[in-house]
1. Small (Gly, Ala, Ser) and farther than 20 Å from Lys13 by Cβ: which single residue out of Gly36, Gly58, Gly49 fits that description?
2. Going by the structure shown, is Thr93 β-branched (Val, Ile, Thr) and under 14 Å from Asp8 (Cα atoms)?
3. Quick one: in the range 1-33, which of the residues that are polar (S, T, N, Q) and part of a loop (DSSP other than H, G, I, E, B) is nearest to Val98 (Cα to Cα)?
4. Looking at the range 34-144, what strands (runs of 3 or more DSSP E) fall wholly within it and have at least 1 residues that are buried (at least 23 other Cβ atoms within 10 Å of the Cβ) and in contact with a Cys (Cβ under 6 Å, 6 or more places away or on another chain)?
5. Cβ-Cβ distance below 7 Å, separation of 6 or more or different chains: which pairs start in the range 13-28 with a residue that is under 17 Å from Gly132 (Cβ atoms) and end on one that is polar (S, T, N, Q) and part of a helix (DSSP H, G or I)?
Amino acid sequence: MKIIVLGDTHIPKRAKKIPNIVKEECENADLIIHVGDWQTIEVYKDLKGIGEVEGVYGNVDSSDLVEMLPSKKIISISEKRIGIIHGHGKSKTTEKRVLSAFDGNQVDCILFGHSHIPIHKYINNTLLFNPGSATDKRKQEYCSYGILTITDEIKAEHVFFQKESFV
C-alpha cells in the first residue's frame, strides 16, 4: 500500500493550491493522509477528489475542518497501527507532545506536522514521521511531503522539491 503524507499546506495563505508534483503523486496512491494545518476545507475537498483521505485538524484550521476532523486518530493498515496528530500545544517539544499523545496506545508509527521540519526517526521502535510542508518550507532548504509504503513493514521516505517547481 502506498500512502502520501502531507502536512502544513496552509492553503491559500502559503500557496494557492496543492503543488502539481504532489497531486500527481496522490493520483497514484492508495491513501492520502494529511496531518493538519490544511487551513481551509477546500484543500480537503480537493484531495478527496483525487482519492481516499484521512486526516486531523491543526491549530490554524477553519472551524468547519475542526468540526469534521478529530485532533488525533489511529488507523490500522495491514495490521500496522498508525497514529495521526498535528502536534501543536503549549508545553514540551513537538516530538514529546506527539509521543505523549499516544502514550498507552500501541502504535507502530506516528505521523505529525506543526514544525514544518521533515523528521524520520525511531523512538522505542515507533516510527516518528513528519512530512515537512509541501508549500511552506520555512527555514528548510526544500519543500517536502512523505511516502509510506506498507507491506509486512512500514517504509517511509521524504520527497524534496523546490517551491518554484509548482508555481
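Any read-out appearing in this document is the output of simple, stated calculations on the displayed coordinates, not a laboratory observation. Quantities reported herein were computed from a predicted structural model and do not represent experimental measurements. So basically every Cβ, Gly included, is an ideal-geometry build from the backbone, and we count neighbours across all protein chains shown.
1. That would be Gly49, the only listed residue that is small (Gly, Ala, Ser) and farther than 20 Å from Lys13 by Cβ.
2. Judged against the criteria, Thr93 is not a match.
3. Once the filter is applied, the top-ranked residue is Thr9.
4. 80-85
5. Taking only residues 6 or more apart or on different chains, the pairs are Ile21/Ser165.
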